[in-house]
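The values are calculated or read from the model by the stated rules, or taken from the named source; none is laboratory data. Remember, it's a predicted structure, so these values are computed and weren't measured experimentally. No Cβ is skipped: glycine too gets one built from the backbone with ideal geometry, and neighbour counts run over all protein chains shown.
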Amino acid sequence: MMQAIGLCRFSYPALGGFQVEHETIEERIAFLYQYERLEERFRLFEAIALPCLRAQTDPDWGLVIIIGDQFPQDHLERLHDITADLPQITIQAHAPKPNRDMLKDVLNAARIDPDQPCLQFRYDDDDAVSVDFIEKFRKAAADAAPLTRQHRAVGFDWHNGYVAEFSADGIAATQMWRKQYVASLGVHIKGGAKVTIHNFAHEKIDRFMPLISFPDKAMWVRSHNGFNDSRQKKVKEVPVEPLTGAEEQMFKDRFAIDVDVIREKFAGFTAQGTPV
């Protein structure tokens, strides 16, 4: 079966790759590893990003989690603990390096057989994909075989999803159709090609390869929280509304996000990550 590889930066202090800049790598490390920020990342990772991976209808996938080589030891142990039941996950610690070069090297090294094609996806530690994402991705690539044989890379994009905020009150969200978000965006890489999904900015990927877009039922959840890198600067607000009971059940069925778990893990915190 074709290898499916994901890559997640978990507070990795890359050189570049952030919209919020820091003058020195020491300042970036201090920002990424501040206690309040890491605690929020773990809440989101445990309650949003990991459950949908555990629930994938196709379990034949791999995910490499990249952390910095100065990642705090207590948090490193916690990261290993919460992913111990997922043998598909590998954790790698690396020194700060140029972001895109680093991620390309990691993905290429993760290929079991570089001469065979593979599926690649990016994965943010505060987002979720549908529980059938890998299954749909694999089927879409198989259906598009006449196209993937002709191109070194072909993109697959599921653009129906939700922007959501999580707090002690539960989940507030709004449905969106947004092309080429990180979540539920994948690329088929031809055998022998060294290009990776990280060669390209996700919102510009259709400039460099054919892209097939699917208007399926909701396939992703993007969380808005206190430490979104893309939201540290002034951005347009996205209004959200508390989920209805039916929508809460849909979030559980489609994304394995349990509102009761959310209320428990986020007790005492606002959607912006600040204490109540």
**Item:** Residues satisfying the stated conditions in the stretch 19-50, i.e. of a type in the set (A, V, I, L, M) and either modelled with pLDDT of 95 or more or under 20 Å from Ser223 (Cα atoms) (or both)
**Value:** Val20, Leu32, Leu38, Leu44, Ala47, Ile48, Ala49, Leu50
**Message:** Could you go through the stretch 133-140 and let me know if any residue there is under 15 Å from Cys52 (Cα atoms), part of a loop (DSSP other than H, G, I, E, B) and not hydrophobic (A, V, I, L, M, F, W, C).
**Reply:** no
**In the stretch 179-198, residue nearest to Val221 (Cα to Cα) [restricted to those that are surrounded by fewer than 19 Cβ atoms within 10 Å (Cβ to Cβ) and in contact (Cβ under 8 Å) with a residue 40 or more places away in the chain]** = Val182
**Some residue of the stretch 93-107 being outside any helix (DSSP H, G or I), of a type in the set (Lys, Arg) and surrounded by 15 or more Cβ atoms within 10 Å (Cβ to Cβ)** = yes
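Of everything in the stretch 209-251, what is part of a loop (DSSP other than H, G, I, E, B), modelled with pLDDT of 95 or more and in contact with a helix residue (DSSP H, G or I) (Cβ under 8 Å, 6 or more places away or on another chain)? Give them in sequence order.
Pro210, Ala218, Met219, Leu243 - these are the residues of the stretch 209-251 that are part of a loop (DSSP other than H, G, I, E, B), modelled with pLDDT of 95 or more and in contact with a helix residue (DSSP H, G or I) (Cβ under 8 Å, 6 or more places away or on another chain).
Go over the candidates Ala164, Ala109, Ala193 one by one and state the one that is over 30 Å from Asp81 (Cβ atoms) and modelled with pLDDT of 95 or more. If you could, list the steps in order and put the result at the bottom.
Details: Ala164 fails: over 30 Å from Asp81 (Cβ atoms); Ala109 fails: over 30 Å from Asp81 (Cβ atoms).
Only one candidate passes the filter, namely Ala193.
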